[in-house]
Structures are given as C-alpha cells and as structure tokens.
1. Quick one: compute the contact order of the chain, relative version, from alpha carbon pairs under 8 angstrom and 6+ residues apart, as a percent.
2. Once you list every other residue whose beta carbon is under 13 Å from the beta carbon of ARG322, what net charge do they have if Lys and Arg are +1 and Asp and Glu are -1?
3. Considering only DSSP beta bridges whose two residues both sit in the chain, what percent are antiparallel, to the nearest 5?
4. Along region 122-132, what does the Karplus equation 6.51 cos²θ - 1.76 cosθ + 1.60 (θ = phi - 60°) give for ³J(HN,Hα), rounded to whole Hz, x for Gly and Pro?
5. Using Cβ contacts closer than 10 Å as the measure, can you line up SER181, SER390, SER101 from fewest to most?
6. Regarding region 72-312, what is the average projected area of its C-alpha convex hull, in nm²?
7. Give me the dipole magnitude in Debye, nearest 20, for region 296-371 about the Cα centre, with unit charges on the beta carbon: positive for Lys and Arg, negative for Asp and Glu.
8. Can you find, among ALA109, ALA295, GLY404, the residue sitting farthest towards the positive end of the charge dipole of the chain, where Lys and Arg contribute +1 and Asp and Glu -1 at Cβ?
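Just so you know, all these numbers are worked out from the coordinates, no wet-lab data involved. Predicted model, so just to flag it, every value in this text is computed and none were measured. Neighbour counts run over all protein chains shown; Cβ positions are idealised from the backbone, glycine included.
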Amino acid sequence: MNFEGSNRLRPRYHELIPGGAHTYAKGDDQYPEGMAPILVRGEGCRVWDVDGNEFIEYGSGLRAVSLGHAWPSVLSAVHRQLELGTNYVRPARIELECAESFLEVVPGAEMVKFCKDGSDAVSGAVKLARAHTGRDMVAVCRNHPFFAVDDWFIGSTAMPAGIPASTRSLTVQFDYNDLDSLEALFDGNPDQIAAVVLEAEKYTPPAPGWFEGIRRLCDRNGAVFILDEMITGFRWHLGGAQARYDIRPDLSTFGKAMANGFSVSALAGRRELMQLGGLDHDRERVFLLSTTHGAETHGLAAAIATMKVYREAPVIETLWARGERLATGLRTAAADTGVGDHVPILGPPCCLVFGSRDAEGNPSQPFRTLLMQELIERGVLATSLVVSYSHSESDIDRTIGIFGEAFEVYARALEDGVDRHLKGRSVKPAIRPYA
Ligand SMILES: Cc1ncc(COP(=O)(O)O)c(C=O)c1O
C-alpha cells in the first residue's frame, strides 16, 4: 500500500494544527510511522484515503458513526433541515421533537439538554451536581480513561499542564467494582464529594451489586450519581447501559452514537437537578450549557433520524451479533497462530478492543504498532474493534482473515523480536506528559 499523498501532507497538518489533528486519539502518533492515512471519503464501514487506498474501518468517528458513514435516511433528514435553516434567534420546533424522541428511549430521564460534545454534557452534569450539593469535590472512576476535556477531569490525567493545583485537588479516584474504594473516599472527605462519575462498563463486567452499591453510597452521603453513557449509549441497549443493567443514576450523559457522527450530545436526568438550569424554581440559577450552536437544527435532525433507525431496525442486536462473530473468529485465529495470550479480545461484543502483549505477557505499544502495521497494509484500519451496523458478516470474515495473517507476523515477532518487523517508531498513549 502506498501512503505518499498522506505522508506529503503530514508536515503541513502539523504546521497549521497543534498535534496535526483535532482529536488526540486521531493523531499520527496513534498509527504506525508513515502509515497514517488522511481520509477523504467514507461509506458504510469503508473509508478511502488521499492515495486511493480503501480500508474496512473500525471505531468510526471515535465510535460515533454507529450506523455507518453517509447513512441515507440520516443524510436525507439533514438535507431537509439544511434547507430550512440551521440556527434561529428563538428555539426551533425540532428541539422539542428531539427531546421527545430522546426521552422516549432513555427511561430514567425526565429532562434533557442537548449540546455538541460529550465533554460539555459531562461537565454540565458535574456543575449541576456541585450547585445542587454545594460541594466541590468529584469522585471519578480511575479505570475509565476519559470523561471530558475540561480541567476538573484532565487535571487528574497524565497531562495536567495548565490546570491549577487547586482544581486538581478536587478530583479524587476510586476503582471499578470496588465499593470499598468509593466508600473510603466518602469517609476520607465527609460532606465534600458532590458527584460520583463513571461509565457503566469497560472491559470488566459489573460485579453483582455494584450499581446498587453506588446508588446506596451516593444516597447515604448526599452525592449525585452521574453515569457517562457516551460509549454505552445506543450500543449496550436502546435505552443505554442503564436500561440493560437497571442502573438508577441521577444524571446521565450521551453523545457519540446518538447522531451517527453529527455533533450532538445530551445531558439528561432527574427533574429536580436538571431544572436548576431552568426558570421554574426559587434556588440560585445554574448557567447550564448555553451555547450559540447547542441546538443546531441539522444536528438534531440527524439525532432524530438516527434514533428512528435504532427503534425500527435491529441495530443493537446486530452490533452485538457482529461483534460476537468478530470476537469468536479473532480468538480462534489468535489461538491457531499461537498468539491467543498475547492479543486478548476485550469488552462486550458491541464495543470490542484488542490488547497487545509482548513475549513476557506485558502490555506492549511496539507490538500494538506491529499489529496495526500489518492490518493497515492489508486494508483494515482499526485502533479498536468497534463495529457499526454497516459491518456485514462478510466484512467481519474478511477482517478475521486479515487478522489471521497479521497474527502470523506477530507470532514470528514474539520469537525473534518486534524490532525486526517494525517499519518505524512505536505508537504511544494519546494522553502523556511529553511528546
Ligand atoms: C466515556 C466518554 N465520556 C466523555 C467523552 C467526551 O466526549 P467528546 O469527545 O464528544 O467531548 C468521551 C470521548 O471519547 C468518552 O469516551
């Protein structure tokens, strides 16, 4: 495969855009050297780059493109709305339509406010929790890698530059499935924790009683339970992971799969909290998610059309079934080539990822790079294994075949050293303190 065009453009990206991309997770440093395609087109589960290379893509739009690129009914809804204008001086009728569509599918929520990015929604939830409780501290799950671009969260990561120590000290961490670790935070910081923030599930399933335990601890300590459904929403279940696992959060946040790649996110939850951002109460008002583009009409049209597909077609079941087929095939191929212990396939079928371990069984970025190098070379673009509704069985089977070939190279590298097989430098974690 030839990446001449992408490689020619790369320096210009870095000259004009810090990091050469608008999301760190899309950066060149996340891909094998000289093999980071610059894309021009997507259709279904396929994308094409400036050199004309075609790839089967996984995790499209950082998991936002859940139906597939350029999904016809979503595009028609957007086109229709574009003709009517995208932003008025007063609320558009479509804002109410979208709120009704959303609240029909998310059972626990009584009110919703739309915004453009997931970070806005999660940070809005944290602000509501702080205002409601009159407290400053936030407890976040240490095993979940991302909640928001804002200081309250980024201050707790490996990249806290520019964030005051006073802000950083307000965010504390607990472990997933470990109620004692959460209880210890409440005990160590009495009447100070405003909110508990976590995703429903990553690669480890929730332990029995985990969510009930969080609910109990939040109630006992007067804290707000915030469930971040940015990834689980519209994948685990039509009503989110909260519907699948019967979770009772106070606030929950959605985005990504909500509008098939268009920029729409949502903060939803109990009226008592949400209405602090409104006018129907006597408490001090909260400045909640008020932005120029927050209710851009064509984004909401995309969300309504996307949610309609979820309701009318077997999207969620298909994501799980295709993921299951992929996981089973990859595990078999990995075992057949002797790399089963080195390339674990992790997560629920609707949202899979692959691990990469070296000969000693330690997580290895060079081995991840090698796997991606061999996959890209053969036409699979995958930093994750997250399927969309457009991945057909034959796309999955083709992917398994390509992985099988890549696994053979991986097995040889386990024997004779990864450096002999790598064509360039290794990838690095996206959130790190130095380049
Ligand atoms: C769980 C989770 N929450 C929040 C966010 C932030 O969403 P956005 O990138 O749309 O701001 C992300 C983004 O990856 C996420 O994975």
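1. Relative contact order of the chain: 22 percent.
2. Combined, the nearby Lys, Arg, Asp and Glu give -2.
3. 50 percent
4. 5, 5, x, 5, 5, 5, 4, 5, 5, 5, 5
5. SER181, SER101, SER390
6. Computed as one quarter of the Cα hull surface, the answer is 13.6 nm².
7. The calculation lands at about 180 debye.
8. Of ALA109, ALA295, GLY404, it is ALA295.
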